[in-house]
Ligand SMILES: NC(=O)c1ccc[n+]([C@@H]2O[C@H](COP(=O)([O-])OP(=O)(O)OC[C@H]3O[C@@H](n4cnc5c(N)ncnc54)[C@H](O)[C@@H]3O)[C@@H](O)[C@H]2O)c1
């Protein structure tokens with residue numbers, strides 16, 4: 001996608017941080033933006049800021065884990081602005097603590113918002129984007145934590161690995177509909193994510209972690225040094241223009257990623273250790289793929 005003027009963008013988490021940066025940058029380029037967020041205070045402030053810039057904005061209070069509400073938000077968006085060409089699944093939450101202390105509620109909240117929210121965004125909008133036939137682009141926000149994990153942010157990283165995988169698969173699925181798909185993998189952004197706990201729902205409140213004001217203050221300090229959300233959104237815009245899959249505009253990520261990938265490459269045996277096995281497996285796979293393509297064509301057209 002080259003020209004953003006007049007396009008409709010739906011942004012989850014659009015009322016704060018990275019999502020609000022996207023609303024400002026894409027709105028500034030002429031998009032009509034829907035900001036969908038669970039926090040009404042964030043929505044009110046963000047809508048006022050965007051209107052002040054002359055951006056066409058429509059705020060919707062939405063919990064992205066609520067599938068029926070997501071469908072209603074998609075209907076409302078089409079009623080107000082028309083069909084969506086740009087979908088940003090940006091909303092996310094984080095919590096840190098020793099992984100072995102995590103409860104089912106910790107898993108359900110983080111996976112539900114970070115991965116489930118992206119699934120719900122795709123399920124709500126992909127069929128509509130295919131049906132309108134105008135093409136478009138989807139950006140799912142993962143994290144540098146989509147490539148590496150440690151105990152502290154363990155559930156968060158697992159949710160972002162899942163977003164990474166789903167987004168890669170969806171890029172393959174949607175290429176034939178002229179819908180580009182990218183995964184945004186930030187390292188540190190200047191946002192309000194330290195306050196995530198404020199959006200944790202009561203029915204998932206049994207936590208193995210203790211998040212107190214000191215921790216929130218310390219996290220705020222780290223994120224206060226992060227990339228400005230609008231700067232990050234400009235990287236996103238540049239990536240969409242060239243239909244780039246990975247959006248990872250952090251030079252400091254290189255060393256850590258090299259280590260991760262090298263660790264994987266180092267355990268792969270050389271080709272000459274198993275030529276017969278390689279040939280056998282490649283033939284079987286090629287046969288399966290060819291047969292599968294014929295079957296899929298008959299089943300799905
Ligand atoms: N801040 C960072 O350093 C950083 C780094 C890597 C990835 N990320 C990712 O960036 C994305 C945006 O986060 P941010 O840093 O801008 O944080 P943020 O807290 O400033 O913004 C996230 C917004 O999502 C909303 N939200 C939370 N739960 C929701 C729900 N269930 N339904 C709808 N909205 C909900 C919040 O109310 C908030 O307005 C997240 O996916 C996060 O994981 C952030």
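Readers should treat all values here as calculations from the given coordinates under stated rules, not as data from a laboratory. Everything quoted here is computed from the prediction, not taken from an experiment. Quick reminder, even Gly has a Cβ in these numbers, built from the backbone with ideal geometry, and neighbours come from all protein chains shown.
Of all residues in the range 31-49, those that are farther than 20 Å from residue 83 by Cβ and touching a helix residue (DSSP H, G or I) at 6+ places or on another chain (Cβ under 6 Å) total 3.
Restricting attention to the range 22-48, the residues being touching a strand residue (DSSP E or B) at 6+ places or on another chain (Cβ under 8 Å), touching a residue at least 40 places away in the same chain (Cβ under 8 Å) and within 9 Å of the ligand (Cβ to nearest atom) number 3.
Within the range 243-275, the set of residues being in contact with a strand residue (DSSP E or B) (Cβ under 7 Å, 6 or more places away or on another chain) and either closer than 30 Å to residue 49 by Cβ or part of a helix (DSSP H, G or I) (or both) comprises 243, 244, 246, 247.
Inclusion of residue 204 among residues that are surrounded by 12 or more Cβ atoms within 10 Å (Cβ to Cβ) and either out of contact with any strand residue (DSSP E or B) (no Cβ under 9 Å at 6 or more places or on another chain) or closer than 19 Å to residue 153 by Cβ (or both) is warranted. Scanning the range 61-75 for residues that are over 30 Å from residue 149 (Cβ atoms), in contact (Cβ under 8 Å) with a residue 40 or more places away in the chain and surrounded by fewer than 17 Cβ atoms within 10 Å (Cβ to Cβ) turns up just one, 71. Do we have residue 289 as touching a strand residue (DSSP E or B) at 6+ places or on another chain (Cβ under 6 Å) and either farther than 30 Å from residue 9 by Cβ or part of a helix (DSSP H, G or I) (or both) here? Judged against the criteria, residue 289 is not a match. Among residues of the range 141-152 that are without any contact (Cβ under 8 Å) to a residue 24 or more places away in the chain, those with a Cβ under 7 angstrom from a residue that is part of a helix (DSSP H, G or I), sequence gap 6+ or separate chain, pair up as 145/156; 145/157; 145/160; 149/157; 149/158. Of the candidates 248, 265, the single residue that is surrounded by 10 or more Cβ atoms within 10 Å (Cβ to Cβ) and within 34 Å of the chain's Cα centre (by Cα) is 248.
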